[in-house]
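Here's the structure, in structure tokens; my notes come after.
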Amino acid sequence: MNSTGGAAFWSVLMLVLWVAIVGGAAWVTVWLIRHPRRQPRPQLPSPLDILERRFAAGEITQEEFDDARARLREHQLDL
């Protein structure tokens with residue numbers, strides 16, 4: 001007398017496991033597509049970098065550059 005109840009149980013269990021594995025893989029794939037790796041924010045130039053760039057481009061004079069740089073240095077000491 002052979003029982004097929006045990007075989008049916010294992011067959012259903014294997015089917016459920018395969019559905020869980022394939023469903024989990026699909027869920028992970030969709031999640032990775034919707035949430036790509038975030039790129040780090042580009043670093044903004046410092047106020048001194050901007051000031052030096054403006055001076056190099058000829059937008060400000062030497063006197064304006066020196067005054068602005070002195071004010072930036074004073075501000076940095078306050079921090």
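Read-outs: derived from the displayed coordinates by stated rules, not from any lab. As the structure is a prediction and not an experimental result, all values here were calculated from the model. Neighbour counts are summed over all protein chains in view; Cβ atoms, including those assigned to glycine, are modelled from backbone coordinates with ideal geometry.
Per DSSP H run of at least 4 residues, take -39500 (n - 2.57); add these up for the chain, divide by its residues and hand me the 222 nm value, nearest 500 deg cm²/dmol.
Numbers: 3 runs with 57 residues, N = 79.
Roughly -24500 deg cm²/dmol at 222 nm, from the helical runs in the chain.
For the stretch 32-79, the set of GluC sites (Glu not before Pro) satisfying both a DSSP loop assignment and a count of at most 15 other C-beta atoms within 10 Å is given as GLU59. Within the chain, helices built from complete DSSP H runs that reach 20 Å or longer along their own axis (Cα positions) and carry a mean Kyte-Doolittle hydropathy of 1.6 or higher are 5-34. Among the listed values [x] 97; [y] 130; [z] 105, the one computed from these coordinates for volume of the Cα convex hull per residue in Å³ is [y].
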